[in-house]
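Here's the structure we're looking at; comments come further down.
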Amino acid sequence: MADHQDSPATPPQDYGADQRIGWQAAGVTLIVLGWGFGVIVNLFLHAIAPSSGLPLIWVRIFPHLGYYAWAFFGLGLFAGAFGAVLIALGRSEPRGPFVLPGYDYSRGKLP
């Protein structure tokens, strides 16, 4: 009898791929969305809004920062900072070959 609890359902595989690409893509995405939209666009829209409000699709943006604007600002700061951490982690990883997920390494093929 074999004890199946000691072995994983699928064996762990190290594809040897370049993980830095994923770290950097995620970091840049978070920086653009966080600092770009959450901070810069948020503050810009509130700065140009007239006192009667700026209609934008289904919301009206006023010149003062309300609770939602402050929450969006804080979330944008956090997301941008987390993106910077991901880019730093991507730079510290060792370089590997650029391969797509699911690349067949069983026959020793390298790109």
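Annotations
- Total residues in region 70-88, condition farther than 13 Å from residue 28 by Cβ and surrounded by fewer than 15 Cβ atoms within 10 Å (Cβ to Cβ): 6
So that you can scan it fast, the table gives a plain yes or no per residue for (1) farther than 30 Å from residue 68 by Cβ; (2) of a type in the set (S, T, N, Q); (3) modelled with pLDDT of 95 or more; (4) more than 27 Å from the chain's Cα centre (by Cα):
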| position | (1), (2), (3), (4) |
| --- | --- |
| 2 | yes, no, no, yes |
| 7 | yes, yes, no, yes |
| 17 | yes, no, no, no |
| 24 | yes, yes, no, no |
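Residue-by-condition table, conditions (1) at pLDDT below 85; (2) part of a helix (DSSP H, G or I); (3) among the hydrophobic types (A, V, I, L, M, F, W, C):
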{"position": "37", "(1), (2), (3)": "no, yes, yes"}
{"position": "45", "(1), (2), (3)": "no, yes, yes"}
{"position": "65", "(1), (2), (3)": "no, no, yes"}
{"position": "74", "(1), (2), (3)": "no, yes, no"}
{"position": "91", "(1), (2), (3)": "no, yes, no"}
{"position": "103", "(1), (2), (3)": "yes, no, no"}
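- Residues satisfying the stated conditions in region 47-61, i.e. surrounded by 15 or more Cβ atoms within 10 Å (Cβ to Cβ) and in a loop (DSSP other than H, G, I, E, B): 49
- Residue match in region 18-35 (condition: surrounded by 14 or more Cβ atoms within 10 Å (Cβ to Cβ) and outside any helix (DSSP H, G or I)): yes
The values are calculated or read from the model by the stated rules, or taken from the named source; none is laboratory data. Since this is a predicted model, take the numbers as computed values, not measurements. Please note: Cβ atoms are built from the backbone with ideal geometry, for glycine as well, and neighbour counts cover all protein chains shown.
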